[in-house]
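Below: one structure, written as structure tokens.
The values are calculated or read from the model by the stated rules, or taken from the named source; none is laboratory data. Since we're looking at a predicted model, the values are computed, not measured. Methodologically, a virtual Cβ is constructed for each residue, glycine included, from the backbone with ideal geometry; neighbour enumeration extends over all protein chains shown. Quick note on the areas: whole protein, heavy atoms, side chains included, nothing else; ligands and nucleic acids left out. Shrake-Rupley method; radii C 1.70, N 1.55, O 1.52, S 1.80 Å.
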Amino acid sequence: MGSGTLSPSAVYSNVGARIRDERERRNVSQEMLADRVGLTRTSITNIEKGRQKVLLHTFLEIARVLNLKPTRLLPDVSRLSRVDVPPEVSKKVSRWIERSLKETK
């Protein structure tokens, strides 16, 4: 794992898995969740698999319906994969990115 920025696909996959786990833990079907938040069951499936980005207001509504604090559905960013900085980026910029990432932990 090199320095870089968070992988969007890793973020959405992780959020989707957390939504699925919490939904199942509460015995809520995808259909029921979809009805309560105004989406289709297919959209819930796609969100849970990380294939569909979830809008912030929908994310908050999902947390409300599942009776959770929204932070419970957010990933631990220190455990997500990172995208390597492209080799054409100067060493100075790469070091700055690396320092900046360490400061956010």
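Per residue, the accessible area of the range 5-58 comes to 60 Å², computed with a 1.4 Å probe over protein heavy atoms only.
A protection proxy built from the mean count of other Cβ atoms within 10 Å ranks the segments 67-74, 26-33, 43-50, most packed first, as 43-50, 26-33, 67-74. Calculated FRET efficiency, S100 and R26, Cβ-Cβ r, R0 35 Å, to nearest 0.05? Step by step, r from the Cβ atoms, then E = 0.40.
Counting protein heavy atoms only, the range 6-48 has 47 percent of its accessible area on carbon and sulfur, 1.4 angstrom probe. Here's how it looks for L74: its modeled amide H is under 5 Å from none belonging to a residue 5 or more places away or on a different chain.
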